[in-house]
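Below is one structure, written out as structure tokens; comments come after it.
The values are calculated or read from the model by the stated rules, or taken from the named source; none is laboratory data. In this text, all values refer to a predicted model and were calculated from it rather than measured experimentally. Cβ sites come from the backbone with ideal geometry, for glycine too, and all protein chains shown count toward neighbours.
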Amino acid sequence: MEESELRRVGRLGKPWGHLGDLNLRLDGSDPEDLGASGTLFVDIEGQRVPFYFTKVQEKGRGVVLIKFDDIDDPQTAAVLVGRDIYAAPGLLADGSDESWDPDDLVGVLVTDTVHGELGEIVRIEGNTRNPIMVVLRGEREVLVPLTDDWIEEVDLEQGTLRVRTPPGLLDLNRGDTE
């Protein structure tokens, strides 16, 4: 993932309690958008360093308490005070309903605007830079890169994803069996 893709979500404040929790002032984001756990990136001397968090608790007025793994005391947490926090695309909503996590797509029905119904997403493979949807089409698995340019609509409530794949992509998935 490129650092330019990361979105600033807030700034860490002083430690709270004796277990290393930190105050996080969000930049207009909804605390529920963070989820219960995941990875956020802390700006340390210009480098975006990933930290896994295991707890988020809303305090009010755009402030949440956040607990990072491996930070178990206020002294260690104090090193992160005043640092900017960033999130990967899809982890944190930008105030619209357009943001989603690729893993949330498992079980969603994929429809192509040209080829019609492709099938259900059974898993996401690849990496955060190049995620690939594995779509069960009949008895066959079809691999479709998860590319923003190809996505026309995501409706997680209805369980649907509409894409426009480039010409020839589905033919690549057929191989010699058809």
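What the table below lists for this structure:
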{"read-out": "Residue list for the range 144-156, filter: exposed (fewer than 14 other Cβ atoms within 10 Å of the Cβ) and part of a strand (DSSP E or B)", "value": "Glu152, Glu153, Asp155"}
{"read-out": "Yes/no for Asp84 being of a type in the set (D, E, K, R), loosely packed, with under 13 Cβ neighbours inside 10 Å and either modelled with pLDDT of 75 or more or not assigned by TED's automatic domain parsing to the domain that holds Glu157 (or both)", "value": "no"}
{"read-out": "Hey, Ile66 in a loop (DSSP other than H, G, I, E, B) and surrounded by 16 or more Cβ atoms within 10 Å (Cβ to Cβ) or not", "value": "no"}
{"read-out": "Hits in the range 123-133 (condition: assigned to a strand (DSSP E or B), more than 14 Å from Leu169 (Cβ to Cβ) and touching a Leu at 6+ places or on another chain (Cβ under 9 Å))", "value": "Ile124, Glu125, Gly126, Pro131"}
